[in-house]
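As C-alpha cells, the structure follows; a few thoughts come after it.
The values are calculated or read from the model by the stated rules, or taken from the named source; none is laboratory data. What you see is a predicted model; the values in this text were computed from it and never measured. All Cβ positions, even for glycine, are placed from backbone atoms using ideal geometry, and neighbour counts span all protein chains on display.
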Amino acid sequence: MKHSIRTFLLINLLISVFSFTSLTVITHYFFDSKKINQYSDQQLTLSASLAKTLLSQHKQHSSDTSKPTTLTCSDLANQCGKVNLQVWDKNGQLIVSLPNNLKQPFAKIANFSDQKIDNINWRVFVTTNDSTGLTVAVAERYNKRHVLKKEIILYTTTIILFCLFLLAILIWFIVGNALKSIQTITNSLRHRAPASLTKLKTETAPKEVQPLVEELNILFQKLQEAFVREERFSSDAAHELRTPLAALRAHVHVALNATSKEECDRSLHKIITGIDRSTHVINQLLILARTTKIKSLISKLEPVSLNKEAQIVIADLVPIAQKKNIEIELIDKSKKQKIMGDPITINVLIRNLIDNAIRYIDHNHGLISVIIESAPKHVILKVIDNGPGIPKDLREAVFERFFRIADNNIQGSGLGLNIVKQVLQQHNANIKLNVPKSGHGLEVVVSFKKPTEKELARQV
C-alpha cells in the first residue's frame with residue numbers, strides 16, 4: 001500500500017485540530033456553565049437584597065401591615081423583574097408571591113437550594129431580615145440557565161467551526177506549498193536524460209529535503225565513477241589485448257604454414273609466450289577493476305597482520321622466484337605489526353611489489369628482502385631488490401597505467417604499480433621509491449598509519 005505524505009499530513013493535522021477544538025468547546029462549556037451558574041446566583045442574591053431593602057423601607061414608613069404589602073407587591077413587580085419572589089412575615093404567613101401562578105410555596109431552606117415545584121426544577125435563594133422578621137425567597141427556573149448555556153455554546157461552536165473550516169483550507173494550501181519542493185525534485189528527475197548523472201541543486205531545497213538531495217548526488221557520483229571505471233576497463237582491455245591477439249594470429253598462421261619442424265616449434269613457443277603475456281594482462285586488469293571497485297565499497301577496516309599476508313604471498317611466489325635463482329627473505333623482528341585495512345587488497349599490494357621485483361631481476365643470485373618495521377606513528381613495509389632499479393626521473397610515471405620503461409625487454413602489463421597506487425589510496429598510505437644502501441636495485445617504502453589501541457580493541 002502506497003502512503004501519501006500529503007494525505008498523512010492533512011488527515012492527521014485536521015484530526016489534531018478537530019480534537020483540540022472539540023476539547024476547547026467542551027472545556028469552554030464546562031467553565032461557561034460554571035460562570036453562568038455563579039452569575040445567576042449573584043443575580044438571585046441581588047434580587048433578594050433589593051426585595052429586603054424595599055420591604056424594610058416601606059415597613060418603617062407605615063404602621064398598617066396590609067397596606068405595605070400591596071404597595072410592596074406593585075413595587076417589587078417593577079423592581080425585581082422576571083424572578084419569582086415569595087415573602088413570608090415573621091409568623092410564617094405568605095404575604096407576597098410573584099408571580100402568583102405557583103400551586104405551592106418554596107421551601108424555606110436558608111441560602112441556596114435546588115427545589116422541584118410543579119415538576120419544574122428551580123434554583124432558590126432564601127434570606128431573612130432580622131429587623132423586620134420578613135423571609136424573602138427568590139427563585140429562577142433551571143431551564144432558563146440551560147437555554148442561556150445552549151445559546152452561548154451554539155454561538156461559540158458556530159464561530160469555532162467556521163474558523164476550523166478556514167483553517168482546513170489554509171492547512172491544505174500550506175501542506176501543498178511545503179511539498180512543492182519534493183515535486184520539483186521529482187519533475188527534475190523525471191525529465192532528465194537516462195545517461196545524465198549531473199548533480200541536483202541543493203541551494204533551493206528546504207533543509208529537510210537537502211539530506212535526500214545530497215544522498216542522491218552522492219549516488220549519482222558513484223554511478224558516474226562506476227560507468228567511468230567500466231568504460232576505462234573496456235578500453236584498457238581492448239587496447240592491451242588487441243596487439244597480443246594479432247601476434248598470436250600471425251604466429252598460428254606461421255605454424256600452420258611452416259615447412260620444417262624447427263620453424264613450427266619456434267612459432268608454437270611464441271604462441272605460448274603470447275598466451276602467458278595475455279593471461280597476465282587479463283589477470284592484472286581484473287585485479288585493477290576489483291581494487292578500484294573495492295575502493296568505493298570498503299566501509300569497515302579491520303586489523304591486518306603484514307607478517308601474515310607477506311608469508312602467504314612469499315609462499316605463493318617462491319616457486320616462480322626459484323626458477324630465476326632469486327631468493328626471497330622476510331625480516332620482521334616483532335611479528336606483531338598490524339594496520340587497519342582490507343586483507344584482500346593488502347595481499348594484492350604485497351604480491352604486486354614482490355612480483356614486480358621478480359620480473360625485473362634479470363641476473364642470477366637475485367635477492368628480494370621484505371622488511372616490516374615500526375616507526376613512532378607508522379608501520380613500514382619495505383621491498384628491496386638488487387635488480388636494475390628505476391631512474392629517478394621516471395619514479396612518478398611508473399604509477400600510471402600501462403607505463404613501461406623504454407629499452408626494457410621484460411614482459412609486463414604496466415599495471416602492477418598502478419594497482420599498488422589504488423590500494424594505497426584506499427588505506428591513506430604513502431609510497432616512496434628509493435635506491436638501496438648498496439647502491440643497486442630498488443627500495444620500495446610503504447608507510448601505513450599506525451592504529452591506536454582503541455581501534456584495535458574495537459575490532460576484537
Candidates Asn386, Asn364, Asn356, Asn347 - the one that is within 30 Å of Thr452 (Cβ to Cβ) and among the polar types (S, T, N, Q): Asn347
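Yes/no per residue for (1) in contact with a strand residue (DSSP E or B) (Cβ under 6 Å, 6 or more places away or on another chain); (2) modelled with pLDDT of 80 or more; (3) part of a strand (DSSP E or B); (4) of a type outside the set (Val, Ile, Thr):
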| position | (1), (2), (3), (4) |
| --- | --- |
| Ile26 | no, yes, no, no |
| Ser49 | no, yes, no, yes |
| His58 | no, no, no, yes |
| Leu85 | yes, yes, yes, yes |
Tally of residues being loosely packed, with under 12 Cβ neighbours inside 10 Å and not in a helix (DSSP H, G or I) across region 153-197: 5
Which numbered condition Phe125 misses (of (1) modelled with pLDDT of 75 or more; (2) assigned to a helix (DSSP H, G or I)): (2)
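Report yes if Glu214 is acidic (Asp, Glu), out of contact with any Cys (no Cβ under 8 Å at 6 or more places or on another chain) and outside any helix (DSSP H, G or I), otherwise no. Spell out the reasoning first.
Working: acidic (Asp, Glu): yes; out of contact with any Cys (no Cβ under 8 Å at 6 or more places or on another chain): yes; outside any helix (DSSP H, G or I): no.
For Glu214, the condition - acidic (Asp, Glu), out of contact with any Cys (no Cβ under 8 Å at 6 or more places or on another chain) and outside any helix (DSSP H, G or I) - is not met.
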Pair list, Cβ < 6 Å and 6+ apart or interchain, from region 176-192 residues that are more than 13 Å from Leu216 (Cβ to Cβ) to residues that are assigned to a helix (DSSP H, G or I): Leu179/Arg6
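Given the structure, is Thr202 hydroxyl-bearing (Ser, Thr, Tyr), modelled with pLDDT of 70 or more, surrounded by 12 or more Cβ atoms within 10 Å (Cβ to Cβ) and not in a helix (DSSP H, G or I)? Even if it seems obvious, please write down each step before you answer.
On the way: hydroxyl-bearing (Ser, Thr, Tyr): yes; modelled with pLDDT of 70 or more: yes; surrounded by 12 or more Cβ atoms within 10 Å (Cβ to Cβ): yes; not in a helix (DSSP H, G or I): yes.
Here the answer is yes, as Thr202 does meet what is asked.
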Within region 308-321, considering residues that are at pLDDT 85 or above and out of contact with any helix residue (DSSP H, G or I) (no Cβ under 6 Å at 6 or more places or on another chain), the one surrounded by the most Cβ atoms within 10 Å (Cβ to Cβ): Ile314
